[in-house]
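Reviewing the structure listed below.
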Amino acid sequence: MPQTVKGVISRSKGAPVELTDIVIPDPGPGEVIVDVKSCGVCHTDFHYREGGISDDYPFLLGHESAGVVSEIGDGVTNVEVGDFVILNWRAICGECRACKRGEPWYCFATHNASQKMTLPDGTELEAALGIGSFAEKTLVAAGQCTKVPESDPAVVGLLGCGMMAGIGAAINTGEVTRGKTVAVIGAGGVGCAAIAGSALAGAGTIIALDIDEKKLDWAKDLGATHTVSTKGMSEDEVVAAIQERTGGFGADVVIDAVGLPATWRQAFYGRDLAGTVVLVGVPTPEMELTVPLLDVFGRGGKLKSSWYGDCLPDRDFPMLVDLYQQGRFPLEKFVTERIGLGDVEEAFEKMGQGKVLRSVVEF
């Protein structure tokens, strides 16, 4: 029987979010209902509210979550009722050309639940990133559930989006290994996760660059060996700052966690010859980039984008939870505050002001 629970929705562009009743249908084949235990407040949810993702209002917001499986549909074999899971927004198909060539983290046919959650009047809700977990319960595809050792949901649930994007940008996409030099432009949640991931991988020099001193303090606490306040600096000055801290050469890997043409150029010129640029910050549709093609050829190396940290949830989530539980990965430092379901709008404001790494809704 369908269940009515509380959830946070966005009805129209730019309007404050609402806490209201939503209806969760019974799980169909391949679907799962999860009792949500935590949900991080991510920039992506704010972009949904502002119309930056699509205009398919109303949206059921939230996606960075952990919870417990409470019901399963026919044919579900990867999880059972009672399993503690982290939700992911890229359930792989196993059949597309990327999956068949052994690169499932690039899966070109990821999927979500077939059914829609609704308002009580039957209005269908578009779930943020196919999850919609600013709610007491949510309906997802079984492949969006990754079973992990039971842990603090507010902490490990962050792996469901931003933290995995940053960690994976460093370790998976950027291929950071012991002794490499790394620069991370932008020290928000994703950038700090890239810094923590670089430290976990054994990088030598790790440079954090941002215009906000508070964010640079967070970065230092999470593994940055050097910090640079770029407020008021030109692109050339930013590049010089990276070179000065890497023997005059530039970093082996530069991660752009902002996603602006200017910061990408800083990453491009701030890397060493044959170095790697990783773009994990998400640009907006109108942005364009101009770089001399001869410079692209002459500097060599790799220019890469990172989708969800090029992660494979079944591989990466359990490993990172295990490292956190061992005290070898400080995931708990990303949780700035724990809030209630009715506090999401205020959390958006704090996020915009740069006051938090993550606000996390607890249920």
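The values are calculated or read from the model by the stated rules, or taken from the named source; none is laboratory data. Since the model is a prediction, treat every value here as computed from it, not as a measurement. Every residue, glycine among them, receives a Cβ derived from its backbone with ideal geometry; neighbour counts consider all protein chains shown. Accessible surface is based on the protein model in full, side chains and every heavy atom, while ligands, DNA and RNA are left aside. Shrake-Rupley method; radii C 1.70, N 1.55, O 1.52, S 1.80 Å.
Below, the figures for the structure above:
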read-out: Cross-chain or 6+ apart pairs with Cβ under 8 Å, region 127-148 first and more than 18 Å from residue 58 (Cβ to Cβ), then at pLDDT below 95 and not in a strand (DSSP E or B); value: 143/92; 144/89
read-out: Odd one out for residue 86 among (1) at pLDDT 95 or above; (2) within 25 Å of residue 286 (Cβ to Cβ); (3) among the β-branched types (Val, Ile, Thr); value: (2)
read-out: Flag if residue 186 is in contact (Cβ under 8 Å) with a residue 24 or more places away in the chain and in contact with a Ser or Thr (Cβ under 6 Å, 6 or more places away or on another chain); value: no
read-out: Pair list, Cβ < 6 Å and 6+ apart or interchain, from region 1-22 residues that are surrounded by 13 or more Cβ atoms within 10 Å (Cβ to Cβ) to residues that are among the small types (Gly, Ala, Ser) and not in a strand (DSSP E or B); value: 19/342
read-out: Filter pass, residue 59 being of a type in the set (Phe, Trp, Tyr) and open to solvent by 20 Å² or more (accessible area, probe 1.4 Å); value: no
read-out: All positions within region 11-64 that are of a type in the set (Phe, Trp, Tyr) and assigned to a loop (DSSP other than H, G, I, E, B); value: 57
read-out: Flag for residue 268 being open to solvent by 20 Å² or more (accessible area, probe 1.4 Å) and either within 17 Å of residue 187 (Cβ to Cβ) or modelled with pLDDT of 95 or more (or both); value: no
read-out: Residue in region 65-72 that is touching a strand residue (DSSP E or B) at 6+ places or on another chain (Cβ under 9 Å), assigned to a loop (DSSP other than H, G, I, E, B) and either touching a residue at least 40 places away in the same chain (Cβ under 8 Å) or open to solvent by 60 Å² or more (accessible area, probe 1.4 Å) (or both) present; value: no
read-out: Hey, residue 253 in contact with a strand residue (DSSP E or B) (Cβ under 6 Å, 6 or more places away or on another chain) and either closer than 23 Å to residue 304 by Cβ or not in a strand (DSSP E or B) (or both) or not; value: yes
read-out: Residue in region 282-299 that is within 17 Å of residue 186 (Cα to Cα) and in contact (Cβ under 8 Å) with a residue 24 or more places away in the chain present; value: yes
read-out: Condition check for residue 93: open to solvent by 10 Å² or more (accessible area, probe 1.4 Å) and outside any loop (DSSP other than H, G, I, E, B); value: no
read-out: Any helices (runs of 4 or more DSSP H) falling wholly within region 137-205 and containing at least 3 residues that are open to solvent by 10 Å² or more (accessible area, probe 1.4 Å) and of a type outside the set (S, T, N, Q); value: 189-200
read-out: Subset tally (residues that are closer than 29 Å to residue 329 by Cα and out of contact with any Cys (no Cβ under 6 Å at 6 or more places or on another chain)) for region 212-237; value: 16
read-out: Single unsatisfied condition, residue 28 versus (1) within 25 Å of residue 360 (Cβ to Cβ); (2) open to solvent by less than 30 Å² (accessible area, probe 1.4 Å); value: (1)
read-out: Residue within region 305-325 that is more than 26 Å from residue 145 (Cβ to Cβ) and either small (Gly, Ala, Ser) or open to solvent by less than 70 Å² (accessible area, probe 1.4 Å) (or both) present; value: yes
read-out: Scan of region 96-115 for residues that are in a loop (DSSP other than H, G, I, E, B) and without any contact (Cβ under 8 Å) to a residue 40 or more places away in the chain, ordered by number; value: 96, 101, 102, 103, 107, 108, 109, 110, 112
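Residue-wise test of (1) at pLDDT below 95; (2) touching a Ser or Thr at 6+ places or on another chain (Cβ under 8 Å); (3) of a type in the set (Gly, Ala, Ser).
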{"position": "112", "(1), (2), (3)": "no, no, no"}
{"position": "115", "(1), (2), (3)": "no, no, no"}
{"position": "118", "(1), (2), (3)": "no, no, no"}
{"position": "127", "(1), (2), (3)": "no, yes, yes"}
{"position": "131", "(1), (2), (3)": "no, yes, no"}
{"position": "134", "(1), (2), (3)": "no, no, no"}
{"position": "140", "(1), (2), (3)": "no, no, no"}
{"position": "147", "(1), (2), (3)": "no, no, no"}
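Residue-by-condition table, conditions (1) out of contact with any helix residue (DSSP H, G or I) (no Cβ under 8 Å at 6 or more places or on another chain); (2) closer than 16 Å to residue 69 by Cα; (3) among the small types (Gly, Ala, Ser):
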site	(1), (2), (3)
115	yes, no, no
122	yes, no, yes
132	yes, yes, yes
143	yes, yes, yes
151	no, yes, yes
159	no, no, no
162	no, no, yes
167	no, no, no
